[in-house]
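Let me begin by presenting the structure, written as C-alpha cells, before commenting on it.
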Amino acid sequence: MPCSAKPCGGDLPLIYEGLVHLHVHSHYSLLYSPLTVEKIIRECRARGIAAMALTDRGNIQGAVSFSTEAARHGIKAIIGCEFTLRLDDGTSGPIVVLIRDESGYDSLLELLGACWSEGRQDISQNLISLRELCRSSRGLVLLTGGSRGPVDRLLGMGQKQRAIDLVGKVKEVFGSALYMEVTPFRQSGSCSIDQIRTFAADVDIPCVAAMDVVALDISQEGARSLLQSLESTSSMTSSGDDGSGINERILASFADARHFFEIHEIEATHQVASLCDFDIVDHFRQKGPHYPEMPGSSPEGSSERLEALCHAMLEKKFGQNQQAIERLESEISAIKSRHLSGYFLAVREITSFCHRESIALGPGRGSSAGSLVACLLGITRVDPLAHGLLFERFLNPGRKTLPDIDIDVCARERGRVVDYLISRFGRGQVFCVAAFDTFQGKSALRAALAHLSVGRQKIDALMSQISESDDILASAMELETEAFGIPQSVCGRAIEVARDLIGVNRNRTRHAAGIIIVPERSARLLPWMDSDGPGILQFDKESLEVLGIPKIDLLALKTLTLLQDTVQSLACEGVELDFNNLPAEDSQAIECVGAASRSGIFQLDSSWMDRPVSLFHPQCFHDIVLLLALIRPGPMKGNVFSDVVKARKSGQPLIDDDYPAAWHEILSESSGTIVFQEQVMELASRIGGFSLAEADNLRRVMSKKSQDGMESYEARFIQGAAGTGLNSERARELFTRMAHFAGYGFNKSHSVAYAFLTYATGWLKAHHFAHFAVAYMNSELGNHRKIEGMIRECRERGMEILPPDINRSGAVIEMLPDGRIIWGLGLIRNVGSGLAEAIVRRRSEAGAFRDLTSIMSFASIAGIQRTAMEALGNSGALDGFGPRARVLSELAAGYSSAGRWSPGVQMSIFDVPSPVKMDSGQTGVNSETVPCSAELARTQTEVLGFSVYISPLEEYSWFVRAASLRVNGRGVFPREGAFLSVLVFSERKIQAGQICRVEDLGGGLNLNLSGYSGEACDGVLYVEGRYMDNGGNAAIVASRVLPIEAAMSLPWVVDVDFSGEEIDDDTLAALRGLVAVSSGHSPLCVRVETGKYHTVIRAGHVPLSRETVQSLEELTGDVPRVHLARGSGVS
C-alpha cells in the first residue's frame, strides 16, 4: 500500500537522478562492512549516483575523507550516523540521523558525546536514549532505521500502539524532518514492507527508500561474512543483524532500486538530499584557525613572545652573525604569516618541561630540525646553519599542507609529558589522534583461510612460502597449495575474499605518537571516542590535515631511555655526562658505529645492516649522516648506495667535469650523487633560479614521480639555467637527473638529527661498554634476539653474565661492583616486577636470605604462588643454596607442608608453565644430581626466554666456523631462497609439518618443517634448507635435519689451504706428525703453492673433532685456512 504522506520539502526540484543512498556503512563501522570510502565513491560515480550519505555506526570517522573524495568526483556528500535507540523497556534498534546544517552538526556531536560518555555501558552498540535523541534534534533529519529499527521491531512484535507512541514523541521534536525508512532487507521478526507503508500512512510520515548498504554487490558476501564472524568473537554484544539478506543491502543503481521501492519513496531520497546542506571541511575552515594558543595569550601576544624569545637566544648562540639574523627574520615572517606562533610555543612547552624534569629529549626529528627558530626555542638541538639545513624544507609560504613538529622523548616518560600538557592546556583541549589497523595482504589471506576452516598449522606452513612482495595474493596464487593440505579451490576462494579485505579497517586505536592541542573554540567542533586520559579523536591524521589542525608527534624512543639510563648509571659512579654534548669526531665512537657487532647502535642495530655498514665504513660524523640517508629501501634498490660506495672507494665523484660549478659544490658532500632532498632544492635554486620555497614545491612533485606540472617546472628550470650559461640540452639533462634521484632523496635535517643519536650510542658504547650493555638489555626486555646479541658481545669482551640470584639481584639487570653483570629477578617468567621488588625490600629490611627455610618463611608471609617459586628455582636464583635438583625437591616438600596459600603478590609477565613440577614425594629426580650445562640452559631458557649459561651450540662453534655454516645476524645478508646450512639448538623435539623457533649462535630463527619428512629430534641439530625473510624474521625452510652426531658422521673433508704462499718444511712436518698420531675417517687435504702451480697433498685421515680443527688452526696462524667440505675427497 502506498504511503499517503508527502515528503518534507515536496516542492523542491528533483536535482539528483536515480536513488540517493541515505543509509550506507563503510569500513568505519568496524567489522561490519568491507567498503572503504574510496570504493564507495568510485562505485557511485560508475553507477551514476549523484549524492549519498555516509552513516556509520556511532561515529563520523570517515566524514572528512568521504566529503573530500566525494567533492573530487562531483558527488554530494551527506554526513550522518547510525545510533542504537534504546527505549525504557529495553527494546532497541538502529536509527539514522543526517546533518542538515551547522546546528545539525552540533546536535550530532551532542549525540556522539552521549554515546561515548564516561560510564556508558555497551559502547559497541552505540546506544542513546529517547530523551537524548529528542534533546539533540535541531538541524537533523531522522530516519527510523528500516527493518532493524525500533519502529519495525515493535510492529513485528505486534505492539502497534507502542510504535505509534514512539513515533508521536519523536515527531513532536523532528516534525517534517522525520521519515519512515523502507528497506527491502527484512530481518527475522520484523514486519512486512506493506505493513510499514500502511503504518506510515496512519501516522502521516513520508516513506523514504534506503538499502542499509553493507556491500557493493553479492560478490562481497564472503568478506562481509568474515567480518561478522570476527565481530561476534570480539564483542559480547550483538549488532542486531542476523547477517541475512546481503542481496538487498547493496549499493543499488536506480534500475535495481525500482524493483524494491515505489517511485515516491525514491523521490523522497532526493528531497532529503536537498534538505541537507552541510560541508564539514568548509565548516572547519570558517571556524578556524585551529592552532594552539597559549593559556591567557592572544595570537598577537604569542607572536610577540615567540619573536622576543628567539632574539634573546640568538644573541647568546650566534652573537651578531648576520646570516643567523637574516635567517631568523625570514623564518619568523613565515611562521607569523601562517599563524603558527602558538603552535611553536606549545611545542616549546613540551621541551621546556622535559628539560626541567630531566627527561631525555631527542636532538630533533624530521624537517623541523632545519628550523633556526626551533633551535633557538630549544625544540631541537641541531644548528641548521652549521649543517646546511633549509627552513623551506619544513615550512614555506607556498606549502599547502600543514607542518608538524616531531619530538622524541624517553619511552618511559611519555605518559608524564602528556599528563603535563593536559594540566597546562586543559583536558578538553588536548587530544590523541585516531588510527586504524587495516588488513594487508598476509593478514587478509590468513583471516580468509581461517574463516574457511583451514587449520592454523596449514596456514602457517603456506604463509611461510609466500615472500614479501608488492602483490602477496598474486604470489599465493602461484603456489601448489595441495602440498600444504589446502585444496586449490579453497585457497582460490580465500584469495577472492582477501582481495575485498585489503585496506579495510580491522581495529580502532590511537596514533602511536600524534596529539593535538587546540583552542577551546576548536575543541567544541571535534568528535571524540574516549574520555579516559586525553580524549581520542574520531579523526585520523589525514582528516586533521584537511581540516587545518596541526598535530604534534610525541614519540616514545627507547634509544633515549637507553642513553638516559646509561648516563644515570655513570652518575652513580661520579661520572657526569650529557649525551647531547659529547666530544665531537671521536675516533673510537665512529669506529664503534661501523663495527661488525653493533648491538645498541641507533638505526644500525639489525643484521641486514651488516653489509651496508661494512661497505660504507664511516670515518667521520658526516659519514654517519650520509649512511643513515642511504640505508633506506629506495637508495638501496635504486643503486644510489652502491654508486656512493664506488665513488668513495675510487676517490672520484660521479660528476662530469663540464657540469656547472654549483652542481659540483652542492653534491661534493655525497660523492657527486644526489642523496638529500635539500640538495635537489639547492640545485633548483642556484642553477634554475627558483626560490627555495618554489624549489621545495618542485621537490615534492619530483618525489611523487608525478608528471602533473612537471613540464612547466622543466621549462622554468631550463629558462633559469640559461642565465648561468647552460644550453637547453644540458639543462634538460640536469633536470632529468634531478627528477630521477629526487625519488630516492632523504630529508637531510632528519638524517643529521638522528646521526647525533647514532653517534651518542657509539660514544657511550665505546667508552663505557658495561654501563651501556646493562642499560641496553633493560631497554630491550622481551626482545630475546637483541638481548642475546648483547650477551654475545659481553662474552666476546670477556665480561661475565651471571644468572639471577635471590640474594644479589635487583628487579632488573644490574652491574655488580666487580664489573660482572647479574640478571634481574623481575625478568623471570611467573615472577615479575612486583614480587622482585618485594624480595629486594625484604633483603634491605632483614638482610640476605640465609637458607631455604628463610625463603619459605618469606613465601608463606607474602603468599607467593608456587609457580613463582618454581620459576625462581629453575632460573638459577636459588643455586646458592645447593644443587638445583635438591633445592627444587626441598621447595616441593616445603610447599606440601606449608598448608593453604593465598594468591601471590607478583605481576606475571609471561603465562607459561614451569619446566619442573614439584609434587611432594614424586620429584622424579635424584636430589644430589647436578644437571649438565645443556640441562641448566634448557630449564633456564624456559623461565628467562633464553639462557645466560653458555649455549650448547658453543661446544660446536669450531664446526660452525670451519664448515662455514650460516649464523643468523652475522656476515652478508643471504638472498631470498638461498640454500644454506645452519647449526641450531632446540630444547623440544621438532616434528615434520611444524614451524618452530630455534636458536643458533646468532640468536633466534624460525624453522619451517613443512617439507621435512624425517624423524622427530631435539638438541643440537644440523639443518639444510632455503632462506626466507618473513618481514625481517629469519626463517629456514628445512629439507634436511640431523642430530649433530649424525651430521658429524657424514663424509667431511678437512681442507687446509695454503694457496697464495709457500708452505715451509716445519709446518708440513707438523701436519704429517698430526696425522701420524691421529686416527680418524676424515681425509686431510693440504693445498700448497709450489712456484706457479697449486698442489693438493692428501695427507691421510684425521678425526673430525674440536681438537683436530684447533690444532690445525694453531699451525696455520691467524688467517683462516682450515675448512670442512662435504664429500669423500677433493678434485
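Summary table
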read-out: Radius, Kirkwood style, for the chain when every pair of distinct Cα atoms is counted (Å); value: 34.8
read-out: Bridge type composition, the chain - antiparallel percent by DSSP, nearest 5; value: 65
read-out: Relative contact order %, the stretch 440-502, counting alpha carbon pairs below 8 Å whose residues are six or more apart; value: 49
read-out: Share, in percent, of DSSP beta bridges within the stretch 47-110 that are antiparallel, nearest 5; value: 50
read-out: Helix 322-337 vs. the chain, principal-axis angle (Cα, 0 to 90°, nearest 10); value: 40
read-out: Projected-area mean, the stretch 244-385, by convex hull of Cα positions, square nanometres; value: 16.1
read-out: Shape call, the stretch 390-459: gyration tensor on alpha carbons, a/c limit 1.5; value: prolate
read-out: Tilt relative to the chain, helix 37-46 - C-alpha long axis, 0 to 90 degrees, to 10; value: 50
read-out: The stretch 440-509 and the stretch 777-793: distance between their alpha carbon centers, rounded to Å; value: 33
read-out: Between 0 and 90°, nearest 10: helix 414-425 axis offset from the chain longest Cα axis; value: 30
read-out: Mean separation of Cα contacts under 8 Å, 6 or more apart, over the residue count of the stretch 549-654: relative contact order %; value: 16
read-out: Inter-part distance where the stretch 261-292 and the stretch 377-437 are each reduced to a Cα centre, Å; value: 34
read-out: Burial ordering of 56, 851, 106, fewest other beta-carbon atoms within 10 Å first; value: 851, 106, 56
read-out: Theoretical ellipticity at 222 nm over the chain - DSSP helices of four or more residues, -39500 (n - 2.57) apiece, nearest 500; value: -13000 deg cm²/dmol
read-out: Long-range tail of P(r) for the stretch 352-416 (Cα pairs > 17 Å, %); value: 44
read-out: Rough spin-label spacing in nm, given labels placed 7 Å along Cα→Cβ, for residue 308 and residue 879; value: 6.5
read-out: For the stretch 773-899: relative contact order, % (alpha-carbon pairs under 8 angstrom, 6 or more apart); value: 20
read-out: Whole-angstrom gap from the stretch 834-897 to the stretch 538-602, using each part's C-alpha centre; value: 39
read-out: Dimensions (Å) - the stretch 777-853, Cα atoms, principal axes, largest first; value: 38, 26, 19
read-out: Gyration tensor (alpha-carbon) shape descriptor, the stretch 440-502, a/c threshold 1.5; value: rounded
read-out: Length added when fully stretched, residue 524-residue 669, from 0.36 nm per residue minus Cα-Cα; value: 47.2 nm
read-out: Relative packing of 177-183, 819-825, which averages over residues the other C-beta atoms within 10 Å, highest first; value: 177-183, 819-825
read-out: Solvent-free Debye scattering, log10 I(q)/I(0), computed from the Cα coordinates of the stretch 508-642 at q = 0.12 Å⁻¹; value: -0.77
read-out: Inter-label distance, nm, simple model (7 Å from Cα along the C-beta direction), residue 106/residue 1067; value: 9.2
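Bear in mind that the values in this text are calculations on the coordinates, not laboratory data. Remember, it's a predicted structure, so these values are computed and weren't measured experimentally. In this analysis, Cβ positions are derived from the backbone assuming ideal geometry, glycine residues included, and neighbour counts consider all displayed protein chains.
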